[in-house]
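The values are calculated or read from the model by the stated rules, or taken from the named source; none is laboratory data. Because the structure is predicted, anything quoted here is derived from the model rather than measured. Positions of Cβ are backbone-derived with ideal geometry, glycine not excepted, and every protein chain shown enters the neighbour counts.
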Amino acid sequence: MIDLHYCATPNGQKIAILLEEVELPYRVIPYDIFDGDQLTAEFGRINPNHKLPAIVDTAPAWGGEPVTVFESGAILQYLAEKCGRFLAPAGAERAVTLSWLTWQVAGLGPMGGQASHFLRYAPAGQDYAKQRYTKELNRLLTVLENRLAQSPFVGGESYSIADMAIWPGRASAFVMGMSLDAWPATRRWFERIRTRPAVARAMSCPDLAAPAKYLGRNQQLDAQQWSNMFGDANQAAVRR
Ligand SMILES: N[C@@H](CCC(=O)N[C@@H](CS)C(=O)NCC(=O)O)C(=O)O
């Protein structure tokens, strides 16, 4: 059994998609990040970085004590290796898949997150930051488009954990006003994945689907929510 510590944002949805694909039994433990559920000392023992997602595998392949994994890229790799699916065990295909997985978690994800922050959450103004991050996001999306113009999936011929890492962010980019119109190869890839039954389940099941409050174009947080997400409460969680 996998305990999935979960918030319905693109990072969480990556893991929900993989768990649905491999049909491992799992239990969703929901967190409301606006309410600060991620800031508790108890969750800090699961993820010292206090971010979602994280998993606890109560039955690791090698037996013994439950294993905790945090960081979405590490979780995808751990679960793919546990099931022997969606990541080649060795060789060139594995190296290419891990390159694109790392590109997502170290580049596209954080840059998209900063663009989303300045476009949707930050106080008015911030033109330099908005331009900086939307420009870099667009550059990265062009890298993705170029790759998908040559290859059916980012890792090559097969659907892999690298596609699962990238797809949910592309699905939620509409909240920044970004359509897929300018990206024809990405659009074809997006549709190929969207119609997979496991993806449809992960995006629509009530426990896993994103609530409207995370999807506003112009987010208005109250003072406590702001503190939990970006202010003193968020800082305090790691300074106990
Ligand atoms: N690098 C991390 C990023 C995780 C992350 O930023 N999670 C967000 C939700 S998408 C979160 O927990 N935010 C709450 C907070 O920042 O306090 C990963 O890939 O798992």
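Just a few scattered comments:
- Hits in the stretch 57-102 - residues which are acidic (Asp, Glu) and either free of Cβ contacts under 8 Å to residues at least 40 places away in the same chain or within 15 Å of the ligand (Cβ to nearest atom) (or both): GLU65, GLU71, GLU81
- Any chance LEU39 is in contact (Cβ under 8 Å) with a residue 12 or more places away in the chain, surrounded by 19 or more Cβ atoms within 10 Å (Cβ to Cβ) and within 30 Å of ARG139 (Cβ to Cβ): no
- Odd one out for GLY36, checked against (1) more than 17 Å from the chain's Cα centre (by Cα); (2) at pLDDT 95 or above; (3) more than 12 Å from the ligand (Cβ to nearest atom): (3)
- Every test in (1) under 22 Å from SER179 (Cβ atoms); (2) touching a Ser or Thr at 6+ places or on another chain (Cβ under 9 Å) is passed by GLN131 save one, and that test is (2).
- Counted as qualifying within the stretch 123-240 are the helices (runs of 4 or more DSSP H) with 2 or more residues that are closer than 30 Å to ARG85 by Cβ, namely 127-150, 161-172, 184-194, 197-204.
- Taking the numbered list (1) exposed (fewer than 14 other Cβ atoms within 10 Å of the Cβ); (2) more than 11 Å from the ligand (Cβ to nearest atom) in turn, ILE46 passes all entries but (1).
- Scanning the stretch 183-215 for residues that are surrounded by fewer than 16 Cβ atoms within 10 Å (Cβ to Cβ), in contact (Cβ under 8 Å) with a residue 24 or more places away in the chain and among the small types (Gly, Ala, Ser) yields a single hit, ALA209.
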